[in-house]
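A.B. asks: The structure that follows is given in the form of structure tokens.
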Amino acid sequence: MNDATWPTDMDTPAIVIDLDRLDANLQSTAELAAKAGVRLRPHTKTHKSIWIAQEQLRHGASGITVAKLGEAEVMAAGGIDDILIAYPLVGRLKLERLGRLLQQQTQVSVSVDSYEVAKGLSDLGEHLQLRVPLYLDVNSGLNRCGKEPGEETAALAVQIAKLPGIRLSALMTHAGQAYSKSRADDCLEVALAEAEALLESQRVLRRLGVDVPDISVGSTPTSKFIGALAGLGVTEMRPGAYVFGDGSQLYTGLIGEEACAMRIYATVVSTPRQGTVIIDAGSKTLSNDSSAHRKGYGFIPENPAIFVERLNEEHGILSVPDGTDLQIGDIVEIIPNHCCAVTNLHDRLLGVRGGQLERILTVDARGKVT
């Protein structure tokens, strides 16, 4: 879609989702999971949309993953009843909110990486006379949450498994370090290491008499290689950004432009000097997320030599090569570096099919950070 085909009743900046590309992404990832014999529990922090989550379930997802309790509340209110909160819940207020969710007959699991958080959840489970399912987070190289795999994780798991109000149901990890890799082969190595970190921990636990049945891997880049993990013991995967695609996947060759369902459309509002063009999309539209693989704040498929060089809140400053013919009023199409961050900046996304607006996609869980 360019300025010649841009509908006159659609203003910019606009976050546009190509619904045909979205459908293809949902279908292809569901097929990857099914072929590998692995459940798909997609991470909805990418889109924060009840409708898209329902579409993921329609394509075969077994449940969803969320980042925060507030997202879980929104998704449960939208009728989704199998939710993993992949974040430790700490404090009385959050436990009270989780308790209300559990009393609504919503199946909610929670990730932990400490005895203290598990104890709080166990106390809640005892109070409600149920056992809260827990996913134990394991560090597979991102160095965020989680103990080290093997003996260290097993020692914590043995402690947690003794708590009366919980059920230790899965080991999980997120190999987000895969985004820093520049080759598909390197991402495959991360995927194998991610799985092995969990499987090693599971083996140690079994020797200690503790059975944690499920092995849940995360990250969109490593999900592309789930077929290589078939039969190893992985039971679930939790990719998120696959739904929209973005520069973080495109630049490393994991996807092509045809898989980038999210595009940002912006209008040229100024051409103040040679080599500089200003568009009406700044950091409040594109986000400030950069990439290790490409300079700038997005990719312009019609002219990759143009860079989104700088961002102010409402201004995108493009560095354009000599001979580039961009005029005030022209429409520029941008693939963002990070689709998840873009989604959370906007109340709605425009769902387009065949160049025509088909539906407004409400970002239902926008700003749900608690």
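The values are calculated or read from the model by the stated rules, or taken from the named source; none is laboratory data. The shown structure was predicted, so the numbers you read here are calculated from the model rather than taken from an experiment. With ideal geometry, Cβ positions are generated from the backbone for all residues, glycine too; neighbour counts draw on all protein chains shown.
A.B. asks: For the range 263-287, enumerate the residues that are part of a loop (DSSP other than H, G, I, E, B), more than 16 Å from Leu326 (Cα to Cα) and touching a residue at least 40 places away in the same chain (Cβ under 8 Å). Working first, answer last.
C.D. replies: Going residue by residue through the range 263-287, those that are part of a loop (DSSP other than H, G, I, E, B) are 274-275, 280-282, 287.
Filter once more, so that each one left must be more than 16 Å from Leu326 (Cα to Cα): 282, 287.
Once the filter is applied, which keeps residues that are part of a loop (DSSP other than H, G, I, E, B), more than 16 Å from Leu326 (Cα to Cα) and touching a residue at least 40 places away in the same chain (Cβ under 8 Å), the range 263-287 yields only Ser287.
A.B. asks: Take Val90 and decide whether it is surrounded by 21 or more Cβ atoms within 10 Å (Cβ to Cβ), in the same structural domain as Gly63 (by TED's automatic domain parsing) and either at positive phi or of a type outside the set (D, E, K, R) (or both). First the steps, then the outcome.
C.D. replies: On the way: surrounded by 21 or more Cβ atoms within 10 Å (Cβ to Cβ): no; in the same structural domain as Gly63 (by TED's automatic domain parsing): yes; either at positive phi or of a type outside the set (D, E, K, R) (or both): yes.
No; evaluated as a whole, the condition is false for this residue.
A.B. asks: Working carefully through the options Leu171, Leu156, find the one that is under 20 Å from Asp82 (Cβ atoms) and either surrounded by 19 or more Cβ atoms within 10 Å (Cβ to Cβ) or of a type outside the set (A, V, I, L, M) (or both). Full working, then the answer.
C.D. replies: Values: Leu156 fails: under 20 Å from Asp82 (Cβ atoms).
Residue meeting the stated conditions: Leu171.
A.B. asks: Show me the helices (runs of 4 or more DSSP H) found entirely inside the range 1-91 where at least 3 residues are more than 20 Å from Tyr135 (Cβ to Cβ) and small (Gly, Ala, Ser).
C.D. replies: On the way: elements: 19-36, 50-58, 69-77.
Helices (runs of 4 or more DSSP H) meeting the threshold: 19-36.
A.B. asks: Output the number of the condition that Leu57 fails; it satisfies all remaining conditions of (1) modelled with pLDDT of 95 or more; (2) closer than 16 Å to Val352 by Cβ.
C.D. replies: (2)
Quick grid of which residues meet (1) assigned by TED's automatic domain parsing to the domain that holds His43; (2) at pLDDT below 95; (3) surrounded by 13 or more Cβ atoms within 10 Å (Cβ to Cβ); (4) not in a loop (DSSP other than H, G, I, E, B):
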{"position": "Asp322", "(1), (2), (3), (4)": "no, yes, no, no"}
{"position": "Ile328", "(1), (2), (3), (4)": "no, no, no, no"}
{"position": "Cys340", "(1), (2), (3), (4)": "no, no, yes, yes"}
{"position": "His346", "(1), (2), (3), (4)": "no, no, yes, no"}
{"position": "Gly351", "(1), (2), (3), (4)": "no, no, yes, yes"}
{"position": "Thr370", "(1), (2), (3), (4)": "no, no, no, no"}
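A.B. asks: Here is a follow-up. Considering each of Leu57, Leu95, Leu19 in turn, give the residue that is closer than 22 Å to Glu236 by Cβ and either touching a His at 6+ places or on another chain (Cβ under 8 Å) or surrounded by 15 or more Cβ atoms within 10 Å (Cβ to Cβ) (or both).
C.D. replies: Working: Leu95 fails: closer than 22 Å to Glu236 by Cβ; Leu19 fails: closer than 22 Å to Glu236 by Cβ.
Exactly one residue qualifies, and that residue is Leu57.
A.B. asks: In the range 203-224, which residues are surrounded by fewer than 23 Cβ atoms within 10 Å (Cβ to Cβ) and over 21 Å from Ile160 (Cβ atoms)?
C.D. replies: Passing the criteria: only Lys224.
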